[in-house]
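The values are calculated or read from the model by the stated rules, or taken from the named source; none is laboratory data. Because the structure is a prediction, the values reported are computed rather than measured. Neighbour counts run over all protein chains shown; Cβ positions are idealised from the backbone, glycine included.
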Amino acid sequence: MFTVRDILTAVKGKLLSGNMEEILTGVSTDTRKIKKGELFLAIKGDRFDGHSFILDAVSKGAGGVLVQEGGITNANFKLPDVSFILVNDSVKALGNIGNFHRSRFTIPIIGITGSNGKTTTKEMTAAILSKKFNTLKNFGTENNNIGVPLTLMRLNSEHNIAVLEMGTNHLGEIRWLSEIAKPTIAIITNIGPSHLEYLEDVDTVLKAKVEILEHMDKDAKLILNADDEYLKKIKTNLKTVWFGFDKEADFYADKINLEPDGVNFRLNGKWDISLGVLGRHNVYNALSAIACAWDFGISIDEIKDALKEFRVPNMRMEVKRFGDIKIINDTYNANPQSMKQAIETLRDMTTEGRKILIAGDMLELGTFSGRFHHLVGKQAAESGIDLIVAVGKLAEHIGKGAQEAGMSDRKIKLCAVMKEARKKVATLIKKGDTILIKGSRAMKMEEIVGDLESQFKVS
């Protein structure tokens, strides 16, 4: 809850109309979800302009409206009878409001970033902490300069801890999120080739992720992957806790056992941990979550229960069974590192029938695109995958990589567009197949999952 005066203090804006002491019940950027009394914050994006929805917001009971310079272009526009606030940049204003509200609380704030595993680590960390504390976390992947401040604004007096995923594809973005949230604990999961269209190379990816440290207090804690060569380069005076597979790490895993629907491991040579999620890479996510939660007084039994009960978010190594086939639905997104991890998971699985990879384009890789897609094909072939269906403009590179690794042409199917892929997949899948489906978000690979469900589900 804010007064108009609070908002003006936070954003350093100009009041065009209204009452300084008027109470605003919250902040919304979406007129479809706005509640009576909330401040409607009009954001101008590349594909939409919130200023077009001002009257809609007011009609639904908005208590005030925040606009940016140049947002209202209609010279005849009449200010509605609500508080109107003008700022230079509405996105920055949203962050400032989030920071203003965050400053009202002294609870631990956990910031999570990295190239892969951010969402799963966030969910695992929150699951463990929730055994003892009222824990706030991002909805879904609200991990950017819009989602993080909106999450912070959900903080209330009942919360004990907040867990925030922080994503980026440009330098400076994590710095801004750190300034807004001021984490007391930071987890960096790993560093790999992601968003190279904007971040140029992996060293720049590291630079972008390390920005999370810039607004952390000297008493804050940093949690890092001990097996990541890039993270070992970080120089900091912060208390650092390491996790990994090496026994020198503060939290380490050994005796890793991959099961059909999960993975088991031993923690620090003492405790057996069971995860209801696939993949050796998820052991890293679990270790980082444990390292974070350890000092909060949560018992090892509570940790074990939380991780055993944990299930991955939708479209992230999500196991689905439709009749006689098994699908690994990892369609939320893809980059070279996560694609490699997913293929390794498929490789290590014991299956009744064929192992099939349906791989969509990995986007935002810039000049490295061809090379990384070539490596996907090579890895799939060397991993003993029985059939590859490559989808998108870069499918040819996957095919060539598989061919050069010795895979037969008849086991490689290339589809330039999704429509073609959906038709082809429908004719290729057989009973007993295990199918990994993965690609960047914009590829909409989940459409193939839906097709297979319709084709093979048992009525």
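Some notes on this structure:
- Here LYS78 meets each of (1) in the same structural domain as LYS14 (by TED's automatic domain parsing); (2) in contact (Cβ under 8 Å) with a residue 12 or more places away in the chain with one exception, condition (2).
- Some residue of region 15-26 being of a type outside the set (Gly, Ala, Ser) and more than 15 Å from SER83 (Cα to Cα): no
- Qualifying residue in region 27-48 (condition: surrounded by fewer than 17 Cβ atoms within 10 Å (Cβ to Cβ), closer than 18 Å to THR151 by Cβ and touching a helix residue (DSSP H, G or I) at 6+ places or on another chain (Cβ under 9 Å)): yes
- Figure legend. Inter-residue proximity from region 200-219: first residues among the small types (Gly, Ala, Ser), second residues surrounded by 20 or more Cβ atoms within 10 Å (Cβ to Cβ), beta-carbon distance below 7 Å, spacing 6+ or different chains. Indicated pairs: ALA208/THR168; ALA208/ILE174; ALA208/LEU199.
- SER59 meets each of the listed conditions (1) touching a strand residue (DSSP E or B) at 6+ places or on another chain (Cβ under 7 Å); (2) closer than 22 Å to THR73 by Cα apart from (1).
- Check on VAL263, free of Cβ contacts under 8 Å to residues at least 60 places away in the same chain, assigned to a helix (DSSP H, G or I) and surrounded by 15 or more Cβ atoms within 10 Å (Cβ to Cβ): no
- Selection within region 270-282 - surrounded by 24 or more Cβ atoms within 10 Å (Cβ to Cβ) and either part of a helix (DSSP H, G or I) or not assigned by TED's automatic domain parsing to the domain that holds ALA249 (or both): ASN282
- Considering region 410-419, the residues that are under 22 Å from ALA381 (Cβ atoms) and out of contact with any helix residue (DSSP H, G or I) (no Cβ under 7 Å at 6 or more places or on another chain) include one that is surrounded by the most Cβ atoms within 10 Å (Cβ to Cβ), namely LYS411.
- If you check ILE398, ILE412, ILE385 for being of a type outside the set (D, E, K, R) and within 23 Å of PHE322 (Cβ to Cβ), only one passes: ILE385.
- Considering region 320-348, and only residues there that are among the basic types (Lys, Arg) and in a helix (DSSP H, G or I), the residue that is nearest to LEU387 (Cα to Cα) turns out to be ARG347.
- Which listed residue, of PHE100, PHE48, is more than 17 Å from SER178 (Cβ to Cβ) and aromatic (Phe, Trp, Tyr): PHE48
- Residue check for GLU352: out of contact with any Asp or Glu (no Cβ under 7 Å at 6 or more places or on another chain) and modelled with pLDDT under 95: yes
- In region 286-301, the residues that are closer than 20 Å to PRO108 by Cα, assigned to a helix (DSSP H, G or I) and not β-branched (Val, Ile, Thr): ALA286, LEU287, SER288, ALA289, ALA291, CYS292, ALA293, TRP294, ASP295, PHE296
- LYS308 meets the conditions (1) within 25 Å of LEU129 (Cα to Cα); (2) out of contact with any Gly (no Cβ under 9 Å at 6 or more places or on another chain); (3) surrounded by fewer than 17 Cβ atoms within 10 Å (Cβ to Cβ) in every case but one. The failed one is (2).
- Only one of the numbered conditions (1) surrounded by fewer than 16 Cβ atoms within 10 Å (Cβ to Cβ); (2) outside the structural domain of LEU196 (by TED's automatic domain parsing) is violated by ASN335, and that is (1).
- Residues of region 356-373 satisfying the condition of being surrounded by 21 or more Cβ atoms within 10 Å (Cβ to Cβ) and either more than 25 Å from the chain's Cα centre (by Cα) or not aromatic (Phe, Trp, Tyr) (or both): ILE356, LEU357, ILE358, ALA359, GLY360, ASP361, MET362, LEU365, HIS373
- Subset of region 216-234 (residues that are farther than 14 Å from ILE187 by Cα and part of a helix (DSSP H, G or I)): LYS233
- Filter result for ALA293 (closer than 27 Å to MET362 by Cβ, surrounded by 14 or more Cβ atoms within 10 Å (Cβ to Cβ), among the small types (Gly, Ala, Ser) and out of contact with any strand residue (DSSP E or B) (no Cβ under 7 Å at 6 or more places or on another chain)): no
- Any hit, region 60-74, residues being part of a loop (DSSP other than H, G, I, E, B) and under 21 Å from PHE100 (Cα atoms): yes
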